[in-house]
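This report refers to the structure that appears directly beneath it.
A short reminder: the numbers here are calculations on the coordinates, not readings from a lab. Everything numeric in this text was worked out from a predicted model, so none of it was measured. Virtual Cβ from ideal backbone geometry, glycine too; neighbours counted across all protein chains shown.
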Amino acid sequence: SKKVAILTSGGDAPGMNACIRAIVLVCERSGFDVLGYLHGYNGLLKQQYRELDARQMHNLTQRGGTILHSARCLEFKTDESARLAAANLDELGVTTLFVIGGDGSFRGAQHLGNFWDGQIIGLPGTIDNDIVGTDATIGYFTAIETAVQSVDKVRDTADAFERVFLVEVMGRHAGFLGLNGALASASDYVILPELFENEEKTLKDILTQLNERRDQRGNVSYIIILAENLWPGGIADLVSKLEQRTETEVRPVILGHVQRGGSPVSQDRLLAMKLGAHAATLIGKPITGIMVGEQNGQAVEVPLPLTWEHSKPLDDLSVNTMTLLMNNRYA
Ligand code: ATP
């Protein structure tokens, strides 16, 4: 019978397990054997895998992380590694490989495709939502939820002390999590890679907003969301600059890896299942080197390079809502 394999790679994201389950269940019904490579591309190089069947998929959908474990694998960029991976897949008789991960993982999949004749299908799993060709990525909704719950808690303590809080959220080069996390938590200001111009402009803007707010409503709490790796001198630098200029205590909160964890929310489970199940129906069809995504409620197949060649723009509706409801003036 046909043999297929799955791996999860790059930053883990809630919903990866639900995606694995969907692929395994559809494969089992179609009579295919499934194996799961461990630790991303490392497992492919070291021939580390486990067999996956429906019994192991029980009670899995709601679990965060990935049962296959994820990892970075820098050496996978070499031709030698891709050749070794191809030989390993052939040795086991694998004909289709599913790669669940972000854009880096898709680059790896494309690289493998230059050396392997089998079928390669990508599934977008990352909390960053920075993948072109799909309206959302698996894990993104849960990460927003986690960020929002955290900011809600920060708001309570910020209110009690009428303080300014600076909350750093993930999203290395993309502001989706920052923007929608800021909106949903009714934060006051958001600093995003797509809209950031320079330090001075941002500082001035925040001060103007903060002072206006205080004139109107008195001394209230003020929550600023900052995308990670964006402020040139880091979050501590922004805290001290704000403290100097506002003469108010400013407290930093770095949400960090909690945003990757937790049980996936329904939206991520559903997206993971829809994409995983659809992907499994493509096994053996003359289509390879693609990502399965969702656009306007439809499953779509997008050539892998199109997923990373351009950066995905923030959606207009969220940006417009931000300018209408939040204090940012720079949009
Ligand atoms: P996230 O953005 O959520 O962290 P990601 O999939 O983008 O997920 P990366 O660390 O960028 O995460 O990439 C994951 C792995 O993909 C790398 O560790 C490496 O094994 C492989 N990879 C990335 N880029 C390439 C490339 N150009 N060629 C071959 N393999 C690559």
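Some observations on this one:
- Computed over the stretch 53-118, the range of Cα coordinates on each principal axis works out to 39, 25, 14 Å, biggest value leading.
- Calculated mean residue ellipticity at 222 nm for the chain: -13500 deg cm²/dmol, from DSSP H runs with n ≥ 4 weighted as -39500 (n - 2.57), summed, divided by the residue count and rounded to 500.
- Charged neighbours of Ile100, selected by a Cβ distance under 13 Å, balance to -2 (K, R count +1; D, E count -1).
- Expressed to the nearest 5 percent, the antiparallel share of DSSP beta bridges inside the chain is 25 percent.
- Relative to the longest principal axis of the Cα atoms of the chain, the long axis of helix 140-161 lies at roughly 20 degrees.
- Per-q log10 I(q)/I(0), the stretch 132-275, q = 0.13, 0.16, 0.17 Å⁻¹ (Debye; single scatterer per alpha-carbon; no solvent): -0.57, -0.83, -0.92
- Expressed as a fraction of 2.2 N^0.38 Å, the C-alpha radius of gyration for the stretch 236-331 is 1.65.
- Dimensions of the stretch 66-201 based on its C-alpha atoms, expressed as ranges along the principal axes with the largest first, amount to 64, 34, 25 Å.
- GNM top mover of Ser105, Ser221, Ser187 - the chain, alpha-carbon springs below 10 Å: Ser221
- Axis of helix 79-92 versus longest Cα principal axis of the chain: the two differ by about 50°, to the nearest ten degrees.
- In order through the stretch 277-291: 3J(HN,Hα) via Karplus (6.51 cos²θ - 1.76 cosθ + 1.60), integer Hz, x for Gly, Pro: 5, 4, 4, 5, 6, 8, 4, x, 7, x, 9, 8, x, 10, 10
- Rough spin-label spacing in nm, given labels placed 7 Å along Cα→Cβ, for Glu309 and Leu207: 4.5
- When the chain is treated as a Gaussian network with alpha carbon springs shorter than 10 Å, the biggest mean-square fluctuation among Arg217, Arg155, Arg83 belongs to Arg217.
- 0 to 90° range, to nearest 10: angle between helix 234-246 axis and the chain longest Cα axis: 20
- Considering only Cα atoms, the convex hull volume of the chain works out to 126 Å³ per residue.
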